[in-house]
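What follows is a single structure, written as structure tokens, with notes after it.
The values are calculated or read from the model by the stated rules, or taken from the named source; none is laboratory data. Keep in mind the model is a prediction, meaning the values are calculated, not measured. Here the Cβ positions follow ideal geometry from the backbone for every residue, glycine too, while neighbour counts run over all protein chains shown.
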Amino acid sequence: MSTTQGLLRSFGEIADNPILLEKNVTTPVCEGLNIALASFQGLYLQYQKHHFVVEGAEFYSLHKFFEESYDDAQDHVHDLGERLNGLGGIPATSFAKLAELCCFTPESDGVYNSRQMVEHDLAAEQSIIQLVRSQA
């Protein structure tokens, strides 16, 4: 016999947390962490695309660099998601919500030359740096 369970908590609804921080403290922190999570998720996808499509004389070094970069971005997403959960928040996961929250405009679909890909990644990284500094 199976039972159907409905939604337990809506996105944006902050639950109590084990370290007893008040919701007026954790709510803005969770909002900021979700912006960071969405931004790192966007950067992860951009790095991964670059890993797939990079060509040219620098293929091997850039292919490896993009792979290491998307692994690092994935680790940040994981850490942010765990922290959000620990504070009573819910990590953003839908593509629509991630796109809404991302602090930079991801690169358009298509393939760019290696230099442009690195420049696009640098611009995204700089946006994330500004975001993190503004939340400190």
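Test residue 14 against the stated conditions and say whether it is surrounded by 13 or more Cβ atoms within 10 Å (Cβ to Cβ), touching a residue at least 24 places away in the same chain (Cβ under 8 Å) and part of a loop (DSSP other than H, G, I, E, B).
It is true that residue 14 is surrounded by 13 or more Cβ atoms within 10 Å (Cβ to Cβ), touching a residue at least 24 places away in the same chain (Cβ under 8 Å) and part of a loop (DSSP other than H, G, I, E, B).
Being outside any helix (DSSP H, G or I) and in contact (Cβ under 8 Å) with a residue 12 or more places away in the chain is the filter; apply it to the range 20-68 and report the residue that is farthest from the chain's Cα centre (by Cα).
Only one residue tops the list, namely 56.
Conditions tested, residue by residue: (1) more than 28 Å from residue 71 (Cα to Cα); (2) surrounded by 14 or more Cβ atoms within 10 Å (Cβ to Cβ); (3) at pLDDT below 95.
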residue	(1), (2), (3)
2	yes, no, yes
19	yes, no, yes
22	yes, no, no
43	no, yes, no
50	no, yes, no
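Could you say whether any residue in the range 105-125 is assigned to a helix (DSSP H, G or I), under 16 Å from residue 45 (Cβ atoms) and within 12 Å of the chain's Cα centre (by Cα)?
Yes, because at least one residue in the range 105-125 is assigned to a helix (DSSP H, G or I), under 16 Å from residue 45 (Cβ atoms) and within 12 Å of the chain's Cα centre (by Cα).
Can you say whether residue 74 is touching a Phe, Trp or Tyr at 6+ places or on another chain (Cβ under 7 Å) and either polar (S, T, N, Q) or within 20 Å of residue 111 (Cα to Cα) (or both), as far as the supplied structure shows?
Yes; evaluated as a whole, the condition is true for this residue.
Suppose we keep only residues that are of a type in the set (Gly, Ala, Ser) and in contact with a helix residue (DSSP H, G or I) (Cβ under 7 Å, 6 or more places away or on another chain) within the range 81-124. Which one would you say is surrounded by the most Cβ atoms within 10 Å (Cβ to Cβ)?
Step by step, filter the range 81-124, then rank; the result is 89.
Could you please tell me which pairs satisfy a Cβ distance under 8 Å, a separation of 6+ or placement on different chains, a first residue in the range 77-88 that is in contact (Cβ under 8 Å) with a residue 12 or more places away in the chain, and a second residue that is among the aromatic types (Phe, Trp, Tyr) and assigned to a helix (DSSP H, G or I)?
As it stands, the answer is 77/40; 77/44; 80/40, since those pairs meet every condition given.
So which of 41, 48, 130 is over 30 Å from residue 13 (Cβ atoms) and among the polar types (S, T, N, Q)?
48
Among the residues of the range 55-74, are any surrounded by fewer than 17 Cβ atoms within 10 Å (Cβ to Cβ) and within 30 Å of residue 8 (Cα to Cα)?
yes
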